[in-house]
Structure formats: structure tokens, C-alpha cells
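Taking it in order: structure first as C-alpha cells, then the write-up.
The values are calculated or read from the model by the stated rules, or taken from the named source; none is laboratory data. Bear in mind that the values here come from a model prediction, so they are computed numbers and not experimental data. Using ideal geometry, Cβ is built from the backbone for each residue, glycine included, and neighbour counts are taken over all protein chains shown.
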Amino acid sequence: MIADDLAAVRERERTAISLSTARIAVCSAAGCISTGGAAVKDALGAAVIAHNLSGSVRVLGTGCLGLCHAGPLMRVTRGDAEPVLFTKTTPAFAERVIAGLPSGVLPLEQRCDLQQPFFTRQHRIVTSDAGIVDSERIEDYLAAGGYTALERTLAELHPEDVVREVSLSGLRGRGGAGYPTGLKWSTVAKAAGHGTFIVCNADEGDPGAFMDRSVLEGDPHRVLEGMAIAAYAVGAEQGYIYVRGEYPLAITRLKTAIRQAERMQLLGHRILDSQFNFRIDLRIGAGAFVCGEETALIASIEGKRGMPRPRPPFPAEAGLWGRPTLINNVETYANIAPIILHGGAHYATLGTERSKGTKVFALAGRIVNTGLVEVPMGMPLGEIIFDIGGGIPDERQFKAAQTGGPSGGCIPAAHLDLPVDYEALAGIGSIMGSGGLIVMDETSCMVDVARYFMEFCRDESCGKCVPCRAGTVQMHGLLTKMTHGTATDRDLALLEQLAELTTRTSLCGLGQTAANPVRSTLRHFHDEYLAHIHDHVCPAGVCAMNGEDPR
Amino acid sequence: MESLTRPRVATVWLGGCSGCHMSLLDLDERLLDLAERMHLVYSPFMDIKQFPEHVDIALVEGAVANEDNARLLRLVRSRTAVLVAFGDCAVAGNVTALRNPLGDPMPVLARSYGTDTSRIPGVGANAGSVPPLVPKVHMLRSLVAVDYYLPGCPPPADLIFFVLSELVAGRTLNLQSRATLG
Amino acid sequence: MSVTTLTMNGTLVSAAEGATLLAVAREHHIPIPTLCHFEGLSEVGACRLCLVEVEGSNRLQAACMTKAVEGMTVTTNSETLRSYRRQIVELLLAERNHVCAVCVANHTCELQNLAVSMGVHHVRYEPQAPQLSMDASHPRWILDHNRCVLCTRCVRVCDEIEGAHTWDLMGRGRHTLVISDLHEPWGQSESCTSCGKCVRVCPTGALFEKGTSATNKDPHFVTYLKMAREQKLWNR
Ligand SMILES: Cc1cc2nc3c(=O)[nH]c(=O)nc-3n(C[C@H](O)[C@H](O)[C@H](O)COP(=O)(O)O)c2cc1C
Ligand code: SF4
Ligand code: SF4
Ligand code: FES
């Protein structure tokens with residue numbers, strides 16, 4: 001397919017959209033599907049036929065609409081009118097919506113105010129296609145301007161130009177560490193020789209995190225396009241998406257998307273009739289958190305046991321089968337097309353001094369609006385939690401926000417005005433991580449939270465290096481003692497020492513960050529530890545404090 | 001030296017094989033030398049039932065395997081200035097703690113006495129005949145504060161002599177690479 | 001061959017091109033404790049005992065895997081490093097059932113010797129006392145998981161020198177186990193050639209010969225094998 005054909009497809013699709021009287025998007029991300037979204041979509045489809053509206057009403061399954069706790073969500077757009085969002089829909093409700101369309105009367109109940117801060121304060125770049133693009137139709141993606149960035153890249157840009165735009169954008173890796181993406185690309189591009197590989201890290205292992213999942217499920221072409229542009233920039237012909245086996249829907253949608261893109265010559269040989277070849281294959285993970293670590297991920301793709309190895313050499317120099325390898329996160333790739341389309345400089349206008357663009361967060365825990373949000377970097381934590389997140393339910397008090405999952409830390413109320421960017425979070429002992437944001441109120445015990453995350457790291461340690469494998473076991477034991485009320489000052493000292501040991505001596509990021517939840521709670525909630533140790537009291541009333549020594 | 005001003009020393013035998021005490025006897029004539037410099041107030045070698053007050057130095061052999069061991073260890077700690085874990089069982093659990101991986105003491109007892117509980121001492125109808133086993137064998141450190149560790153199974157006589165000489169002279173102990181577990 | 005000069009513990013030392021910091025230190029008799037390293041085998045950087053400080057980096061580097069670079073300034077024995085190493089040895093001792101007194105490798109064990117050299121006389125961590133098995137199905141040797149430190153020397157020597165790849169790891173974290181073939185009894189392994197190399201490289205009493213009390217160790221035998229193979233010279 002050449003550019004003209006592509007333009008024709010876009011034109012046809014846009015005409016069809018403009019001729020339709022209504023577009024009804026049902027959230028088809030895993031959250032809404034789990035509450036019955038698929039049945040709602042089926043019911044819409046059946047009702048459209050029953051009411052003879054096939055020619056004028058389009059029903060689409062789209063990416064995550066954000067308010068996951070109120071699903072299944074349905075977004076109705078009629079002509080140029082403001083869209084209407086319905087929450088907690090059912091098949092019966094779907095029938096009512098369709099029945100009301102000809103007369104223009106939509107149900108009044110179950111409507112969601114789209115002017116509330118949850119919607120107005122967000123800034124959607126990565127998730128901009130949600131509600132517009134059907135996750136399983138490449139035509140929808142094309143009509144929304146998809147693959148224009150790839151087209152422009154191949155037609156107008158040299159690989160160095162692409163790298164320059166990405167560098168200019170200030171984009172940093174969304175997989176956790178925040179490494180400058182442009183810098184990584186230029187390193188890989190400079191690495192000598194042929195046979196460079198591209199990898200998309202879709203192993204998303206943080207408990208409670210589902211940002212990458214919703215991008216993969218909702219807008220798989222966005223990721224493919226980003227990868228293709230990256231491949232062109234660094235000179236790669238083969239890409240892998242390493243996606244966790246627990247995401248069957250994402251896997252299915254990726255497979256569909258890859259097939260569609262190949263058929264339209266957007267992947268494969270001589271992409272858009274250029275000299276550029278690029279294939280993408282899927283590799284399915286088997287549910288080990290550590291396989292999200294890039295060197296373990298590489299070992300896993302190579303068919304070996306997924307265990308990290310010391311860096312250097314970094315994958316950029318010696319990755320898959322010893323070849324230079326570019327590894328980026330799903331969300332990182334999803335930012336690429338907009339950067340190419342609107343320019344790196346434009347992207348860089350958003351965000352803070354050193355953290356540009358937006359970040360997608362998965363809001364969870366004791367917060368009214370649990371779900372997925374995308375906000376500009378630098379938005380104060382308190383605004384994310386109280387304005388967008390709707391605050392704490394049941395009139396309870398905010399106690400802490402946990403960012404960065406098992407590698408992150410707990411942030412107390414005193415830092416609610418903190419602008420959320422990489423440096424600011426690191427400065428108070430947490431990390432941006434991949435975007436998990438768990439809110440806790442006074443019913444959470446910080447010692448217990450630290451114990452929970454330590455248990456996760458203990459169980460997910462790959463077992464290779466001693467400080468992580470054995471240190472997490474001991475730290476978990478000490479924390480458990482605290483939650484039983486049998487710990488002493490000596491145990492606290494041991495815990496602090498082990499936290500330093502694992503941080504400084506572990507081989508990979510898992511062990512190096514495993515103690516972050518402990519260290520940040522020790523820093524911000526020291527009194528709570530002392531209450532457990534000296535007074536044998538759990539202030540939040542969570543811990544057993546039964547005085548029994550854990551075995 | 002006047003006997004009343006010499007350091008008051010005790011040796012204690014908990015859940016161990018008494019090998020550490022045998023090694024202590026291997027000091028041979030050096031025992032006489034030590035006897036000049038200390039005052040032995042409690043030991044399995046002496047006919048004394050009650051652990052005395054105001055002990056300066058106690059060498060404690062063995063791990064805590066039963067409730068009697070635990071009670072005695074706490075008493076020793078409360079009455080002693082310098083408590084030394086004497087030998088690997090006291091230091092690390094060692095052979096006495098070999099049963100820990102099996103969980104409860106019951107599987108171990110059943111292995112020795114059979115599954116008929118009426119034939120197991122200290123259990124069921126036989127309670128009180130011997131002190132009940134604790135669920136998990138502890139090294140001393142798990143229950144009380146330990147001042148010094150003298151590892152070895154058993155610790156060699158020379159090392160015991162060195163340790164006692166240093167402590168009796170009131171010096172702080174630094175074993176560095178002189179001692180080893182096992 | 002070009003030569004590199006660097007500073008180790010305040011002294012200028014020379015290094016062959018591509019040499020690791022560990023090799024340089026050994027050549028100059030600067031002691032660095034190691035456990036997963038074995039001369040002649042690939043490096044994995046797993047035990048973390050050989051970590052050293054390199055000036056200009058706040059990350060500690062594994063000496064066994066870090067190449068000497070011109071002008072580097074390396075510290076191998078700061079108080080911090082010594083404290084970390086002691087903690088690592090203690091963690092290992094608490095992790096499985098290292099009962100030295102009744103171990104076949106008592107006094108020949110590398111873990112025990114590390115503890116002695118570092119002055120580790122006791123372990124501050126709770127002994128985990130896991131319930132682990134022994135595999136005595138092989139006619140000549142026994143694998144005792146209670147003593148294994150997961151250094152993977154056996155895995156590497158079997159794969160890299162013998163070419164059999166009988167051993168590998170299964171499970172993760174504290175449940176990681178060395179297994180033969182697909183977790184079959186060693187005695188039934190189809191890939192094992194009964195060469196005994198794994199037994200000779202094992203640092204502890206985890207792999208040992210039936211009926212013997214001490215393991216048959218030779219820290220240089222892999223290097224010897226490799227040289228002999230290359231030069232077709234088998235006299236030692
Ligand atoms: C234990 C561990 C788990 C990780 N898991 C993930 C993951 O699930 N997804 C991801 O993108 N990056 C993960 N990372 C980070 C990757 O190693 C790597 O830095 C990242 O994929 C690079 O992409 P980026 O530069 O786009 O962020 C993990 C790192 C560690 C240490
Ligand atoms: S830090 Fe943990 S996960 Fe990473 S290599 Fe070490 S044991 Fe494996
Ligand atoms: S069996 Fe021995 S050589 Fe193999 S991993 Fe365990 S300790 Fe290392
Ligand atoms: S010897 Fe270098 S990490 Fe083990």
C-alpha cells in the first residue's frame with residue numbers, strides 16, 4: 001500500500017463517520033469487560049439492527065475511558081454535539097439508548113458530568129484515542145490520523161531527524177527509571193553493525209498497575225506505530241513485544257493489529273513502498289515480575305531462564321543475542337507518534353523542567369475515582385488525588401500516597417503539594433515508577449504496607465543474587481515481627497541495615513529498590529514503627545499484634 | 001587474689017551434648033591456673049541447684065530446646081553481667097536445632113517414640129515428667145541479649161582458655177579470625 | 001597487548017587489556033572475597049561478595065565482572081564493603097541449613113572459610129530452617145540442598161566445560177533449587193556423564209562424594225582442563 005491508498009482509506013472512513021448520526025463507544029478495556037462491557041456492546045449492536053439504524057449509528061469498542069470503577073462506560077457522540085458519558089450501563093440500558101436515538105432523547109439517568117475535573121483536568125496524549133478509535137479496527141485508527149507519523153517519518157525524515165525530535169521532546173522512559181528516550185535511541189543508532197533489535201516492554205508487573213495494559217488493549221496500533229518509527233530511527237528490522245501472559249485480551253488485540261498492519265503494508269517488507277522493512281513478533285511472558293527488568297526480559301526472549309545480568313554492557317550495546325537492542329516501555333512508544341506529528345518542541349512545552357509531556361496513572365486504593373488518568377507532568381500530587389481523583393471516600397483522612405509499586409515509596413500528607421515529576425518524587429524517597437498510584441487513608445498501617453510490598457519482592461526475587469534473595473526474606477521476617485508486636489529496637493536496626501545492604505549491593509533493580517517502601521515509610525512514618533515496637537500498638541488497628549513470634 | 005574480689009564465673013548447660021563442657025575440661029592443668037584468677041560459682045561440674053545472683057561471666061552451652069532451658073536462660077541473663085554463647089548450639093542452634101526444619105516437635109518425637117502418644121515423655125498423660133519441648137529450637141540470641149560468641153563444635157580448649165583469660169582480666173573480647181563455626 | 005594502569009587501594013597496579021578487577025587484584029595479591037566466581041568458568045556476578053568501590057561512581061561494581069580501565073581508582077576493602085560482605089555471609093548462613101559441625105565439608109567449605117576470614121562468629125538473622133531434600137540417587141555422589149548457596153558453579157561447569165548441561169535452576173527467590181535435567185533424580189539423568197566436575201567445583205557440602213567426609217577441591221582444575229584441551233598437553 002502506498003500513501004495515496006492510505007489517504008483513500010482515511011477519506012472513506014472519515015466520510016462514513018461524518019455521515020453517521022451517532023457514534024457509540026463502549027469501553028472495551030479489561031476493567032469494563034469484567035463488569036459486562038462486552039454484553040453491552042453486543043446489545044447495542046443487536047439494537048442497532050433491530051431499530052434499522054445500521055446505516056447511521058456506529059458502535060465501537062474503545063480503549064479505557066478512565067472511570068473504571070463505574071463501568072461499563074458508554075460514550076455517545078451525536079454529530080457535533082457534546083458527547084454524553086453513561087456509567088454502569090447494562091444491555092437493557094443499551095437498548096433504551098438506541099431506542100431513544102431517532103427521537104433524540106437519551107436517558108437522563110446514569111449520566112456522568114463531563115465537566116467535572118476528572119475529565120477537564122486531564123491532558124490526553126497517550127490515551128487520546130479512547131472513545132474515538134475502535135480497538136480492533138485499523139480503519140478507525142487511520143481515520144483518527146493514525147500512521148500519519150510513520151508516513152511522514154518515512155517520506156520526510158532521516159533517522160537522525162527522528163532521534164533529534166525525540167530528544168527535543170524531552171521524553172523519558174515510562175517503564176520506571178525515566179531514562180531519556182532520545183539519548184537511548186541515539187546510543188542504539190550509533191551502535192555498530194546490522195541486526196539491531198527493538199523490544200517493547202509490555203510485562204507490566206507492578207501490582208495494581210494497568211496503564212500499559214489499557215494502551216495495548218485500547219490502542220494497539222499506537223504502539224506498533226511508535227515501534228516502527230523507532231525501528232526506522234535506530235536501523236532495526238525486527239521487533240518484539242514482550243507481553244505478560246496474564247493479558248490475554250492485549251495479546252489478542254496485538255495479534256489482530258499486527259495482522260491488519262501487515263496487510264496494509266504498514267509492517268513487514270517495504271513499508272509504504274519505502275526501503276524500510278520491519279517485522280514485529282510477540283513473546284508471551286509467564287508471569288515473573290523480574291522479567292520486566294530489561295536484561296531478564298532479554299534472556300527470556302532468548303529462551304533462557306529470566307534472570308538479570310549485571311550491566312554494563314547495556315542492552316543498547318549488547319542485548320538480544322548480543323546485538324544492540326532498543327528496549328522501551330509501552331507508554332514510551334505510545335508517545336512517539338504525537339511527538340513526530342506535532343514536533344518535539346511542542347511536546348516539550350508540557351511538563352516541568354526535566355520531565356516533559358504527560359504521565360498515565362492508575363488510581364487505586366482509598367480514592368473516589370479509581371481508574372486511569374493522564375495528567376501533565378508536574379501536576380501537584382494533591383490535585384491528582386483530590387481534584388481528579390475526587391478525594392477520599394467515606395469522609396476519611398488522607399494518609400499517604402504510594403507511587404512506583406513495590407519499588408516505590410509512600411508519600412505523606414505534608415507533600416501533597418509536590419509537583420509530580422521524576423526528580424521530585426525521587427527527592428522524597430519514592431519514584432515515578434510505571435504509574436501506579438495507591439491512595440491510603442488512616443485505616444492503613446504503614447508498617448503493614450511495607451510488609452506487603454516486601455512480601456511481593458521476596459516472592460518475585462529471581463533468586464540469583466544473595467542480598468535480594470535472602471535479604472528480602474529477612475526484612476519480611478522483621479516486618480512481620482513488628483506487625484505481631486514482638487520486634488525490638490535491635491530488629492529495627494537490623495531492618496535499617498538490611499535495607500541499605502539490598503539497595504546498594506543487589507544485582508538488578510528489583511533488589512536495589514525492594515527496600516524503598518521500607519525506607520520511605522521509615523522516613524515519613526517513623527513514629528508508627530516505634531508504636532509497634534515500643535508500645536506494641538498498631539495505631540491504624542490493622543496489625544494482629546498478637547505477641548506471637550512468626551514462624 | 002582474694003577469692004571474694006575475683007570475677008564470679010558460671011558455666012551453664014542447656015540443650016547441648018555437653019561437648020563444650022568436655023572441651024572446657026580439656027584445659028587440663030590450665031584449669032588450676034584459671035582457678036587462681038576466678039571464682040566458679042555455678043556449673044554442671046558443681047553440686048549446686050540454684051543459679052546464684054551477681055554473676056560476672058557466664059558461659060552458656062546449648063540451644064534452647066525446652067521450656068526449662070528458656071526459663072533458666074532468662075534467669076541467667078538477669079543475673080549475669082557478661083553472657084557468652086558457648087559453642088555452636090548456643091551461637092547458632094546447630095545440632096540441637098536440626099529438628100527445626102521438620103516444624104513442630106511432634107514429628108521428631110514420633111520418629112523416636114512412635115506415634116502412640118501414651119509412650120512419649122512430656123506429652124499428654126506424661127506431661128510433667130520432663131520439660132515440654134519448645135515449638136522451635138532457639139539460639140540464645142533469639143531470646144536474650146548475648147555479649148560474646150564463642151563458636152565451635154566444640155570450641156577448642158585453647159580458645160576457651162583465651163576467652164576466659166581475657167574476660168577474667170576484664171578485657172573486651174576480640175576473636176577476629178581465631179574462631180570458626182563447626 | 002596493551003597494558004592498563006589503575007590504582008587499587010592507593011597503589012598503582014598494571015592490568016592486561018580486558019582483565020577484570022578481580023584478576024588484577026589476585027595478580028597483585030590484593031584479597032577480594034568471592035563465592036560464585038570460579039577460575040575458568042563464565043562470571044555471573046551473583047554472590048555480590050566481590051563488590052568494590054570505583055571512584056566517580058556511586059554504584060558498587062562486581063570485581064569479577066568489571067573490566068579494568070585506564071586510570072580507574074578502586075577501593076576493595078573499605079569498612080562499608082567489609083560490613084556488606086559480612087552481612088552477605090550471614091544471610092547465606094541463615095538461609096539454609098548450614099550446620100557446619102555435621103557437614104561433610106566442615107573446614108574445607110568456602111562459605112565457612114569466608115565467615116572465618118571476615119570474623120563472622122554468629123549470625124544476627126533468623127535462621128530460616130527450610131525443609132529441603134537430598135538427592136542420593138546417583139551411584140557416586142549426593143546433592144544436599146541444605147548446603148547449597150546457589151552459586152551455579154555446578155550449572156556452569158557442566159554446561160561450559162563438560163557440555164552436558166545436566167544442571168539448571170528452577171523456582172525463584174528463596175525457593176530456587178538446583179535441579180538435574182527436568183527435575184528428575186540425578187541418578188536417572190540421561191544427560192549426566194558422571195564426570196564429577198560439579199562435585200569438584202561446589203564450594204560447600206552441597207555436592208559431595210558418597211562415603212567421604214571432605215570434598216575433593218581444586219581451585220585450578222578448570223583452568224588446567226581448558227589449557228590442556230587447547231594445547232593437547234595433559235601432564236600436570
Ligand atoms: C524488577 C523490574 C521490573 C521492571 N518491570 C518493567 C515493566 O513491567 N515494564 C517496563 O516497561 N519496564 C520495566 N522495568 C524497567 C525496564 O528494565 C526498562 O528500564 C524499561 O523497560 C525501559 O523502557 P523505558 O526507557 O521506555 O522506560 C522493570 C525494571 C525492573 C528492575
Ligand atoms: S536483585 Fe533480586 S531479582 Fe535482581 S538479580 Fe538479584 S535476586 Fe534476581
Ligand atoms: S550445588 Fe554447590 S556448586 Fe551447585 S549451586 Fe549449590 S553450592 Fe553452588
Ligand atoms: S564473585 Fe563476583 S559476584 Fe560473586
Within region A:426-468, work out how many residues are among the aliphatic types (A, V, I, L, M) and out of contact with any helix residue (DSSP H, G or I) (no Cβ under 9 Å at 6 or more places or on another chain). 1
Considering region A:169-198, residues that are assigned to a strand (DSSP E or B) and in contact with a Gly (Cβ under 7 Å, 6 or more places away or on another chain), and then whichever is nearest to ligand 3 (Cβ to nearest atom), we arrive at A:197
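Take residue C:141 and tell me if it is among the aromatic types (Phe, Trp, Tyr), away from ligand 4 (no atom under 16 Å from the Cβ), at pLDDT 95 or above and touching a His at 6+ places or on another chain (Cβ under 6 Å).
no
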How many residues, within region A:419-454, are in the same structural domain as residue A:513 (by TED's automatic domain parsing) and within 15 Å of ligand 1 (Cβ to nearest atom)? 2
If you scan region A:185-200, which residues turn out to be buried (at least 24 other Cβ atoms within 10 Å of the Cβ) and within 25 Å of residue A:350 (Cα to Cα)? A:185, A:200
Could you grab me the full set of residues in region C:100-124 that are touching a Gly at 6+ places or on another chain (Cβ under 8 Å) and surrounded by 17 or more Cβ atoms within 10 Å (Cβ to Cβ)? C:100, C:101, C:103, C:104, C:105, C:106, C:109, C:112
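Of all residues being surrounded by 24 or more Cβ atoms within 10 Å (Cβ to Cβ) and not polar (S, T, N, Q) in region A:412-435, which is farthest from the chain's Cα centre (by Cα)? Just the residue, please.
The residue in question is A:425.
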Given (1) part of a loop (DSSP other than H, G, I, E, B); (2) in contact with a Gly (Cβ under 8 Å, 6 or more places away or on another chain); (3) farther than 15 Å from residue A:524 by Cα; (4) more than 14 Å from chain C (Cβ to nearest Cβ), number of the condition residue A:429 does not satisfy: (3)
Is region A:262-271 home to any residue that is within 12 Å of chain C (Cβ to nearest Cβ) and either within 11 Å of ligand 1 (Cβ to nearest atom) or under 19 Å from residue A:230 (Cα atoms) (or both)? no
Would you mind stating whether residue A:134 is touching a strand residue (DSSP E or B) at 6+ places or on another chain (Cβ under 8 Å), within 16 Å of ligand 2 (Cβ to nearest atom) and not assigned by TED's automatic domain parsing to the domain that holds residue A:408? no
Which count do you get for residues in region A:88-134 that are more than 13 Å from residue A:24 (Cα to Cα), of a type outside the set (A, V, I, L, M) and not in a helix (DSSP H, G or I)? 20
Would you be able to tell me the number of residues in region C:87-106 that are within 12 Å of chain B (Cβ to nearest Cβ) and closer than 18 Å to residue B:175 by Cα? 2
What about residue C:105, is it over 16 Å from the mean Cα position of the chain (by Cα) and either closer than 28 Å to residue B:182 by Cα or not in a loop (DSSP other than H, G, I, E, B) (or both)? no
Between residues in region A:463-492 that are within 16 Å of ligand 3 (Cβ to nearest atom) and residues that are β-branched (Val, Ile, Thr) and part of a helix (DSSP H, G or I), which pairs lie under 6 Å by C-beta distance while being six or more apart or on different chains? A:466/C:88
Return the residues of region C:219-233 that are of a type outside the set (Val, Ile, Thr), touching a Phe, Trp or Tyr at 6+ places or on another chain (Cβ under 8 Å) and within 16 Å of ligand 3 (Cβ to nearest atom); say none if nothing qualifies. C:219
Limited to region C:156-169, what total is found for residues that are without any contact (Cβ under 8 Å) to a residue 40 or more places away in the chain, of a type in the set (A, V, I, L, M, F, W, C) and within 12 Å of ligand 3 (Cβ to nearest atom)? 2
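Given the criterion more than 9 Å from every other protein chain (Cβ to nearest Cβ), under 18 Å from the mean Cα position of the chain (by Cα), outside any helix (DSSP H, G or I) and not charged (D, E, K, R), identify the matching residue among C:143, C:150.
C:143
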Can you report the number of residues in region A:220-260 which are part of a loop (DSSP other than H, G, I, E, B) and out of contact with any helix residue (DSSP H, G or I) (no Cβ under 7 Å at 6 or more places or on another chain)? 2
Conditions (1) more than 23 Å from residue A:178 (Cα to Cα); (2) of a type outside the set (S, T, N, Q); (3) within 14 Å of another protein chain (Cβ to nearest Cβ); (4) more than 16 Å from ligand 3 (Cβ to nearest atom); number of the one not met by residue A:460: (1)
Any chance region A:284-303 includes a residue that's farther than 15 Å from residue A:319 by Cβ and more than 16 Å from ligand 2 (Cβ to nearest atom)? yes
So is residue C:13 part of a strand (DSSP E or B), surrounded by 15 or more Cβ atoms within 10 Å (Cβ to Cβ), away from ligand 4 (no atom under 11 Å from the Cβ) and more than 10 Å from every other protein chain (Cβ to nearest Cβ) or not? yes
Just name the residue that is farthest from ligand 3 (Cβ to nearest atom) out of those in region C:185-207 that are more than 12 Å from residue C:157 (Cβ to Cβ) and assigned to a helix (DSSP H, G or I). C:188
Those residues of region A:269-305 which are in a loop (DSSP other than H, G, I, E, B) and surrounded by 24 or more Cβ atoms within 10 Å (Cβ to Cβ), in sequence order: A:293
Residue C:201 fails exactly one of (1) of a type in the set (A, V, I, L, M, F, W, C); (2) in contact with a His (Cβ under 8 Å, 6 or more places away or on another chain); (3) within 16 Å of ligand 4 (Cβ to nearest atom), namely (2)
May I ask you to verify whether residue C:172 is away from ligand 4 (no atom under 16 Å from the Cβ) and away from chain A (no Cβ under 12 Å)? no
Over region C:60-86, the set of residues away from chain B (no Cβ under 14 Å), surrounded by 18 or more Cβ atoms within 10 Å (Cβ to Cβ) and not polar (S, T, N, Q) is C:60, C:62, C:63, C:64, C:65, C:68, C:72, C:74, C:81, C:84
For region B:72-98, what are the residues that are within 9 Å of another protein chain (Cβ to nearest Cβ) and out of contact with any strand residue (DSSP E or B) (no Cβ under 6 Å at 6 or more places or on another chain)? B:88, B:92, B:94, B:95, B:98
Would you pick out the residues in region C:16-59 that are more than 14 Å from chain A (Cβ to nearest Cβ), within 16 Å of ligand 3 (Cβ to nearest atom) and crowded, with 20+ Cβ neighbours inside 10 Å? C:38, C:41
